[in-house]
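Scroll down for the structure; my scribbles are underneath it.
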Amino acid sequence: MKKKQLFTMVNGLTGTIDIPGDKSISHRAIMFGSIANGNTTITNFLEGEDCLSTIDCFRKMGVEIKRNEDTVEIFGTGLSGLKEPVEILNVGNSGTTTRLLLGILAGTPFHSCLIGDESIAKRPMNRVTNPLRQMGASIDGREQGNFTPLSIRGGKTKAIAYKSPVASAQVKSAILLAGLQSEGTTSVTEPHKSRDHTERMLRAFGGEVVEAGLTVSVTGKQELHAVNIIVPGDISSAAFFLVAGAIIPNSRITLKKVGLNPTRTGIIDVLRNMGANVSISNETIENFEPVGDLTISTSALTGIEISGDIIPRLIDEIPIIALLATQANGKTVIKDAGELKVKETNRIDTVVSELSKLGASIESTDDGMIIYGQSGKLTGKTVNSYGDHRIGMMLAIAACLTEGPMALENSEAIAVSYPSFFEHLESLIG
């Protein structure tokens with residue numbers, strides 16, 4: 001296992017950083033650019049391993065894609081122009097690539113095979129493969145198509161009205177992408193509203209989508225047209241430095257041009273509800289996505305309960321919120337977050353295990369965790385990301401608070417979504 005020695009007892013983080021492009025939007029920009037007619041240029045594309053897996057898959061289906069630093073040019077083929085891949089489509093560590101790609105492949109008249117890494121092989125896919133089968137796709141794989149490797153033969157799909165048991169943007173997006181190729185109107189109804197980047201990007205590429213409460217609908221046989229995309233900074237990546245700025249003494253950090261999509265800003269609500277000094281400035285709209293600058297400074301925090309409708313708006317931020325709660329006064333309870341069990345790791349168990357090693361008072365529940373704040377100082381130990389980029393970044397921020405040095409095993413996992421993370425952290429230390 002690789003180790004990276006991290007900082008201990010940092011005396012403040014100060015400065016301004018440009019957060020890398022949003023991972024969710026970067027994925028979708030590649031996908032929509034590939035299935036649109038014409039040439040799309042993407043600026044501030046996230047050069048993370050997950051997004052590069054998406055590029056690789058579409059290249060294998062005959063789409064010409066050129067990369068130049070953080071700019072990507074896509075020569076779209078339209079949906080009908082995708083070619084049957086000769087090679088297996090390797091999705092790497094990317095659940096977004098896997099599930100959304102299945103939605104596109106459901107309507108294509110050819111056969112494809114998808115495989116990923118060891119982590120992907122453990123993540124359930126039947127939440128997507130079951131509704132896609134209802135639409136007419138032929139899908140098989142381990143445990144009746146619940147796990148990769150997966151084999152899919154697409155074709156003539158039919159519209160469905162699907163009531164999803166989970167609030168998942170990946171499930172919703174996969175069905176809507178299949179619906180674009182189906183006769184009639186396809187709809188997805190969720191128990192809570194999940195992130196809506198697919199709906200916004202569909203509009204940016206000239207498509208039509210109807211939203212009514214918790215139901216989203218698309219009509220099939222739409223043609224999409226190329227558009228230039230500017231990817232905002234990823235608020236899920238910004239969350240690590242927002243928390244760092246709030247809990248590390250003598251800190252003040254500004255994060256530039258961060259995406260402020262209301263389905264993703266639960267982390268800001270939590271920070272404010274706990275008493276953090278966070279402000280937003282320079283708000284604009286780019287490609288139907290709100291963007292702004294965030295400034296955070298060291299704050300006195302109080303524990304709260306986090307549950308219900310806010311959970312889908314911060315599901316990826318819960319590991320760093322758990323660290324935030326260790327530095328708050330009083331108890332923080334996180335509920336309704338069972339979805340954490342099927343991420344890159346079981347994030348409930350992993351967060352509790354690794355923060356407990358450092359001396360945090362934290363316990364797991366069936367659908368979340370309970371954190372007892374300010375119950376003692378964190379102490380440096382050897383901890384492990386277990387290949388989960390968000391666990392890795394959370395532990396790296398924790399290292400700035402620990403007494404004594406801390407070593408992080410599998411720190412390379414952070415490159416999945418934030419290749420410049422350690423460089424940015426070091427720049428704020430000065």
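Laid out as a table, the results:
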item: Any hit, segment 299-319, residues being polar (S, T, N, Q) and closer than 19 Å to Gly376 by Cα; result: yes
item: Leading residue by the ranking (modelled with the lowest pLDDT) among those in segment 86-102 that are in a loop (DSSP other than H, G, I, E, B) and buried (at least 20 other Cβ atoms within 10 Å of the Cβ); result: Asn93
item: Complete set of residues in segment 203-254 that are more than 28 Å from Thr43 (Cα to Cα) and among the polar types (S, T, N, Q); result: Thr215, Ser217, Thr219, Asn250, Ser251
item: Selection count where residues are hydroxyl-bearing (Ser, Thr, Tyr) and either surrounded by fewer than 24 Cβ atoms within 10 Å (Cβ to Cβ) or in contact with a Gly (Cβ under 8 Å, 6 or more places away or on another chain) (or both), scope segment 11-25; result: 2
item: Listing of strands (runs of 3 or more DSSP E) fully contained in segment 35-79 that carry 1 or more residues being among the charged types (D, E, K, R), farther than 20 Å from Glu412 by Cα and at pLDDT 95 or above; result: 64-68, 71-77
item: Residue in segment 363-385 that is within 18 Å of the chain's Cα centre (by Cα), assigned by TED's automatic domain parsing to the domain that holds Glu409, in contact (Cβ under 8 Å) with a residue 12 or more places away in the chain and surrounded by 23 or more Cβ atoms within 10 Å (Cβ to Cβ) present; result: yes
item: Flag for Arg59 being without any contact (Cβ under 8 Å) to a residue 12 or more places away in the chain and under 30 Å from Arg390 (Cα atoms); result: yes
item: Failed condition for Thr350, given (1) part of a strand (DSSP E or B); (2) in contact (Cβ under 8 Å) with a residue 40 or more places away in the chain; (3) not basic (Lys, Arg); result: (1)
item: Residue count, segment 168-212 (criterion: in contact (Cβ under 8 Å) with a residue 24 or more places away in the chain, surrounded by fewer than 24 Cβ atoms within 10 Å (Cβ to Cβ) and farther than 19 Å from Met31 by Cα); result: 9
item: Residue selected from segment 322-346 under the condition under 23 Å from Thr379 (Cβ atoms) and touching a helix residue (DSSP H, G or I) at 6+ places or on another chain (Cβ under 6 Å), by the criterion surrounded by the fewest Cβ atoms within 10 Å (Cβ to Cβ); result: Gln327
item: Residues satisfying the stated conditions in segment 358-389, i.e. polar (S, T, N, Q) and over 30 Å from Ala415 (Cβ atoms); result: Ser361, Thr365, Gln374, Ser375
item: Residue identified as in contact with an Asp or Glu (Cβ under 8 Å, 6 or more places away or on another chain), in the same structural domain as Thr332 (by TED's automatic domain parsing) and in a strand (DSSP E or B) among Ile280, Ile310; result: Ile280
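A quick yes/no check of all residues on (1) among the basic types (Lys, Arg); (2) modelled with pLDDT of 95 or more; (3) under 22 Å from Asp316 (Cβ atoms):
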{"position": "Met394", "(1), (2), (3)": "no, yes, yes"}
{"position": "Ile397", "(1), (2), (3)": "no, yes, yes"}
{"position": "Glu403", "(1), (2), (3)": "no, no, no"}
{"position": "Glu409", "(1), (2), (3)": "no, no, yes"}
{"position": "Ile414", "(1), (2), (3)": "no, no, yes"}
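To keep it simple, each residue is scored yes or no on (1) of a type in the set (Gly, Ala, Ser); (2) in the same structural domain as Glu183 (by TED's automatic domain parsing); (3) buried (at least 22 other Cβ atoms within 10 Å of the Cβ).
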site	(1), (2), (3)
Leu224	no, yes, yes
Ala238	yes, no, yes
Leu242	no, no, yes
Pro249	no, no, no
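The values are calculated or read from the model by the stated rules, or taken from the named source; none is laboratory data. For clarity, every value in this text was computed on a predicted model and none was experimentally measured. Here the Cβ is made from the backbone with ideal geometry for all residues, glycine too, and neighbour counts use every protein chain on show.
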